[in-house]
Structure formats: structure tokens, C-alpha cells
Amino acid sequence: MAIKITDECINCGACEPECPNNAIYEGGVEWSMSDGTAVKGTFTLLDGTVVSADQRLAPVAVDTYYITPNKCTECQGFHEEPQCAAVCPVDCCVPDEMYVETVEELMAKKERMH
């Protein structure tokens, strides 16, 4: 399951540098699969859409930091727990029930990105 940032976010930015997948962005900032990853060429997103790795995609949130579920691996293969949740001062980094993935799926996603 990916992690999401709830609207309780205070925009402190503590989570962003902790993400090993560069999956966290400031509200309103476009994202791409290639940001901070080794992804090149095309990539199939969770919804089945095929995009260029460098293609800038619409932000998930405008007013608060957000995590793109396409890059979130819950820190599997990097840390024992999601680092965004570990450093969040207001506990607004929580499991995203919209994106349920097994540990194996999260590890496979990590391998595709790095």
C-alpha cells in the first residue's frame, strides 16, 4: 500500500528529503518518473497509462505536499518503516487504501526505479 499525505499536512517539508524514491513533491509541483530514479524510456503507471519517464505529470495535490503512489514503495528495500511517516510532526503520512500492494509488488517497483 502506498503512503498518502492527508490534508492535515502543515507543509513543513520534513518528509520530502527522506524519501528514497523521490516520490514526495511540494503541492502544485509537477512530477515525473525520472525525478531521482534511474527510469528511462517509457513507464506504465498504476492506472495502466504509459508515459515517458521524463514527462511532467499533474500534481496530486495543490495546497499541501503529496506522494505520488506510482513511485512510493513504503521504503521497502531501504528502511524498516516509511520514512515520511517516521519524521512527520503531525502524523499525516498514512497508508493509502486506494493503492494496496504486496511487499513483493513494492520491491518489484523499487527494482524498476533503481
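The values are calculated or read from the model by the stated rules, or taken from the named source; none is laboratory data. Source: prediction; values computed, not measured. No Cβ is skipped: glycine too gets one built from the backbone with ideal geometry, and neighbour counts run over all protein chains shown.
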Against the conditions (1) at pLDDT 95 or above; (2) not in a helix (DSSP H, G or I), where does M1 fall short? Just the number, please. (1)
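Out of curiosity, is E8 touching a residue at least 12 places away in the same chain (Cβ under 8 Å), within 13 Å of the chain's Cα centre (by Cα) and loosely packed, with under 14 Cβ neighbours inside 10 Å?
On the way: touching a residue at least 12 places away in the same chain (Cβ under 8 Å): yes; within 13 Å of the chain's Cα centre (by Cα): no; loosely packed, with under 14 Cβ neighbours inside 10 Å: yes.
No.
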Check region 38-58 and report whether any residue there is within 22 Å of A14 (Cβ to Cβ) and touching a helix residue (DSSP H, G or I) at 6+ places or on another chain (Cβ under 6 Å). no
Residues located in region 73-92, provided they are outside any loop (DSSP other than H, G, I, E, B) and surrounded by 22 or more Cβ atoms within 10 Å (Cβ to Cβ): C84
Which residues, counting only those in region 93-114, are among the aromatic types (F, W, Y) and part of a helix (DSSP H, G or I)? none
Count of residues meeting criterion [touching a residue at least 12 places away in the same chain (Cβ under 8 Å) and either among the hydrophobic types (A, V, I, L, M, F, W, C) or surrounded by fewer than 19 Cβ atoms within 10 Å (Cβ to Cβ) (or both)] in region 93-110: 11
Residue pairs qualifying under the 6 Å Cβ cut-off, at least six apart or on distinct chains, with the first in region 13-26 being assigned to a loop (DSSP other than H, G, I, E, B) and the second being among the aromatic types (F, W, Y), are P20/F78; E26/Y65
Within region 33-48, the residues that are free of Cβ contacts under 8 Å to residues at least 60 places away in the same chain and over 20 Å from E101 (Cα atoms) are S34, D35, G36, K40, G41, T42
